[in-house]
Amino acid sequence: QVQLVESGGGLVQAGGSLRLSCTASGRTFSRYAMGWFRQAPGKEREFVATINWSGGSRNYVDSVKGRFTISRDNAKNTVYLQMNSLKPEDTSVYYCAAARGGMATTTVGYDYWGQGTQVTVSS
């Protein structure tokens, strides 16, 4: 069992930056690929970024490429999402997730989820 806790969300103006963190419980964090998803009101949960167990491979949705960076620190059981040049359309609840089966871009590929953290970007 893995428990995930996100933090770092908040209100920011367009063009600003935020860094989200997701800390996992347990000793097996480094065995999991990790991902970030987001969900706006009335919309389906959307893939944002994923990273493999070592941090050597990453993948992003096109809309955030060049603006967001996913990274991880296995010694701290933490995955990060650095978000720069934020836009109002980035406003969502952001969720981190852990995948036993490797990197994935769909929700069905993930086994554990955090509770989410709200990111609001004002224009």
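The values are calculated or read from the model by the stated rules, or taken from the named source; none is laboratory data. This is a predicted model, so every value here is computed, not measured. A quick note on method: Cβ atoms are made from the backbone with ideal geometry, for glycine too, and the neighbour counts reach across all protein chains shown. Note: areas computed on protein heavy atoms with side chains; ligands, DNA, RNA excluded. Shrake-Rupley method; radii C 1.70, N 1.55, O 1.52, S 1.80 Å.
Of the peptides 114-122, 53-61, 90-98, 77-85, the ranking by mean beta-carbon count within 10 Å, highest at the top, reads 90-98, 77-85, 114-122, 53-61. Within the stretch 65-90, find all residues whose amide N lies under 20 Å from a label point positioned 7 Å from the Cα of Thr105 along Cα-to-beta-carbon. In the stretch 65-90, the label zone of Thr105 (backbone N under 20 Å from the point 7 Å along Cα→Cβ) covers 65-71, 81-82, 90.
Taking 0.36 nm per residue of separation and subtracting the Cα-Cα distance, full extension of the segment from Arg19 to Glu46 would add 7.9 nm. Cα to Cα, under 19 Å, and not fewer than 8 places away if on the same chain: which lysines meet these conditions relative to Lys65? Result set, ordered by chain and number: Lys87.
Reported to the nearest whole Å, the Cα centre-to-centre distance from the stretch 59-105 to the stretch 1-56 is 5. Only protein heavy atoms count here; under a 1.4 Å probe, Ser25 has an accessible surface of about 40 Å². Using all pairs of distinct alpha-carbon atoms, the Kirkwood hydrodynamic radius of the chain works out to 14.1 angstrom.
Given their separation in residues at 0.36 nm each and the Cα-Cα distance between them, Arg67 and Ser122 gain 18.1 nm when the chain is fully extended.
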